[in-house]
1. I'd like the distance between the alpha-carbon centres of the stretch 61-98 and the stretch 169-188, rounded to an integer number of Å.
2. Nothing charged except the Cβ atoms of Lys and Arg (+1) and of Asp and Glu (-1): what's the magnitude of the dipole of the chain about its Cα centre? Round to the nearest 20 debye.
3. Rounded to whole Å and sorted largest first, what semi-axes of the equivalent ellipsoid does the C-alpha gyration tensor of the chain yield via the square root of 5 times each eigenvalue?
4. On the protein heavy atoms, probe 1.4 angstrom, tell me the percent of accessible surface of the chain carried by carbon and sulfur.
5. So which DSSP H runs in the chain come out at 18 Å plus along the axis (Cα) with average Kyte-Doolittle of at least -0.5?
6. At a temperature of 20 °C and a viscosity of 1.002 mPa s, determine how fast the stretch 1-71 diffuses translationally according to Stokes-Einstein, using the Kirkwood radius over alpha-carbon pairs as Rh; express D in µm²/s, rounded to the nearest whole number.
7. May I ask what percent, to the nearest 5, of DSSP beta bridges between residues of the stretch 1-144 are antiparallel?
8. Rank Val52, Gln79, Ala31 by how far each Cα sits towards the positive end of the charge dipole of the stretch 22-102 (+1 on Lys, Arg Cβ; -1 on Asp, Glu Cβ) and give me just the farthest.
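The values are calculated or read from the model by the stated rules, or taken from the named source; none is laboratory data. Every value quoted in this text rests on a predicted model; they were computed, and no experiment measured them. Please note: Cβ atoms are built from the backbone with ideal geometry, for glycine as well, and neighbour counts cover all protein chains shown. Each accessible area value is taken on the protein alone, full model and side chains, heavy atoms only, with ligands, DNA and RNA left out. Shrake-Rupley method; radii C 1.70, N 1.55, O 1.52, S 1.80 Å.
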Amino acid sequence: MSDDYFTHTFSDVPVMGIFRRQGLERTLQLADAAWDAGVRIMEVPVMGPDDVPVLRAVAEAARARGLDVGAGTIISPEQIEIVAEAGAAFTVAPGFDPDVAAASVAQGLPHIPGVASGSEVQAALRAGFTWLKAFPAERLGPQWIRHLRGPFPQVRFVATGGVTPETAATFLEAGCRVVALGSAFDTAEQIDKVGRLLRGE
């Protein structure tokens with residue numbers, strides 16, 4: 001389920017917006033800027049109860065555009081039902097927890113587990129996940145992606161954590177299928193850089 005969903009979702013746009021703890025009004029502003037720039041998928045991390053209304057509002061705004069929003073920072077099975085009720089279409093975790101992954105899939109929500117080592121990649125693959133969050137991408141670097149793609153060519157990495165419009169292309173060139181950007185939507189100049197990235201310039 002997860003593979004088919006993400007393969008379709010990310011088929012045309014290699015950028016995901018991610019907006020962590022920006023508050024309701026600011027997150028909606030950033031989401032609108034990302035959507036207007038051409039981004040079609042985004043993640044709202046849910047680190048506490050205050051983030052649930054933000055997720056719900058962004059998911060509702062996304063549905064009005066025919067788009068999906070996922071819930072990020074899912075670290076316990078108990079979060080799954082909460083974010084599903086708030087309108088999340090998928091979940092993302094900072095690490096690979098088999099119980100969290102299984103609970104998400106059981107709820108009908110495709111899941112992207114986080115990985116930072118070959119052992120974690122292998123464990124996630126064995127559990128049936130090929131779309132994996134390379135986190136923290138800034139620390140791992142593009143070379144890590146390139147090296148891990150060797151023994152695991154079937155993996156589709158989503159580079160997350162410290163990726164900027166200036167460094168995004170290096171991660172995509174290294175073999176990432178998607179880069180997650182947050183502060184890239186703060187200014188017109190940054191948004192223009194995202195637009196150029198989406199156009200392959």
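1. One Cα centre to the other: 21 Å.
2. Details: 17 positive and 24 negative charges, 108 e Å.
Charge dipole of the chain: 520 debye, to the nearest 20.
3. Values: eigenvalues 107, 96, 37 Å².
Calculated on Cα positions only, the semi-axes equal 23, 22, 14 Å.
4. Details: 4510 of 8900 Å².
Heavy-atom surface of the chain belonging to carbon and sulfur, 1.4 Å probe: 51 percent.
5. On the way: long enough: 24-37 (20 Å, -0.11); 51-64 (20 Å, 0.56).
Qualifying helices, which must be both long enough and hydrophobic enough, are 24-37, 51-64.
6. Working: Rh = 12.3 Å.
Approximately 174 µm²/s, per Stokes-Einstein.
7. The antiparallel proportion sits near 0 percent.
8. Value: Ala31.
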